[in-house]
Amino acid sequence: MPLEFIRNITSTGRLGMWRIEETVDELVEKTLLSEKEKNQIASLKTERIKTQKLATRALLGEMLGKEFVLEYDKNGKPHLAGNAFKISISHSNELVAVMLDEEHETGVDIQKITPKVDNIKHKFLSNKELENSSKSNLFEQLHVYWGAKEALYKVYGRKELIFKVEIRIEDFEYKNQGEITGHIEKKDYKNSWKLGYENLNDYMLVYVLHPIDY
């Protein structure tokens, strides 16, 4: 079944994942769409983007167990209209991840692990984070850093964040699964969060667990 899992990861947060194995038509049959949504899907450029959008809606249907309206604000941040859950969405190739939290703004990121991340690490890591990157499991650790910063960027939800300066991840020892601490530090905004990460067969999944006192 394309549904990989749905699980509670905190008292208020749920994480779900879908592996896309269906065609666009098969996903349309599984998803309750308004005419407006059908037109939006039809206007998308590629089959991959269409299946990712439809799989997101199929996964949300499984997680919520009821009808929903998915909207996006001017910054591209998703919202569930008339629903208490905060939401974050990520997709990479055939995998789609959705994070829901009843209380806190949340964030999730999934990325295919690739050596190419080493070529761009200077764009999203501070000098201290670069120094703290391990020599073993380097690509995996870099993806944890990258995924954590992407997830926190989604929590913030207002763009205008400099990844290597204003999002800071505390030093950590890489394991295939673990927890880390991240901070957003701007002149007018400072907050901290605990995040979890998992290596899922060559994909790195990173998600926000909960905010912590700064």
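A few remarks follow.
- Each label point was placed 7 Å from the Cα along the Cα-to-Cβ direction; for residue 119 and residue 165 their separation is 2.6 nm.
- Residue ranges 109-115, 56-62 sort as 56-62, 109-115 when ordered by packing (mean number of other C-beta atoms within 10 Å per residue, highest first).
- Neighbourhood net charge (14 Å Cβ-Cβ; Lys/Arg +1, Asp/Glu -1) for residue 188: +1
- Spin-label pair residue 21/residue 6, simplified geometry with 7 Å Cα→Cβ offset, distance in nm: 1.8
- Pairs of alpha carbons in the stretch 34-77 separated by more than 17 Å make up 39% of all such pairs.
- Along its first, second and third principal axes, ordered by size, the chain spans 51, 35, 31 Å in Cα coordinates.
- Sites residue 177 and residue 83, calculated FRET efficiency, Cβ-Cβ separation with R0 45 Å, nearest 0.05: 0.90
- Debye-sum result for the stretch 71-142 in log10 I(q)/I(0), which assumes one identical scatterer on each alpha carbon, at q = 0.13, 0.24, 0.28 Å⁻¹: -0.57, -1.04, -1.19
- Hull-based mean projected area of the stretch 136-193, where the convex hull spans the alpha carbons, in square nanometres: 4.0
- The calculated Kirkwood hydrodynamic radius for the stretch 111-212 is 13.5 Å, given to one decimal from all distinct C-alpha pairs.
- Put a dot 7 Å past the Cα of residue 138, heading toward its Cβ, do the same for residue 29, and the two dots end up 4.8 nm apart.
- Mean-position separation - Cα centroids, the stretch 36-106 and the stretch 184-214, in angstrom: 20
- At R0 = 25 Å, FRET efficiency that the Cβ-Cβ distance of residue 37 and residue 102 yields, to 0.05: 0.50
- Top of 179, 71, 22 by mean-square fluctuation, Gaussian network on the chain, Cα under 10 Å: 71
- Protection proxy ranking, peptides 117-126, 85-94, 130-139, 160-169, average beta carbon neighbours within 10 Å, highest first: 85-94, 160-169, 117-126, 130-139
- Pairs over the 22 Å Cα-Cα cut-off, from the set 128/190; 45/154; 121/154: 45/154.
- Note on the stretch 3-106: Rg/Rh from C-alpha atoms, Kirkwood Rh, equals 0.94.
A short reminder: the numbers here are calculations on the coordinates, not readings from a lab. Note that this is a predicted model, so its numbers are computed, not measured. Note: ideal-geometry Cβ built from the backbone for every residue, glycine included; neighbour counts use all protein chains shown.
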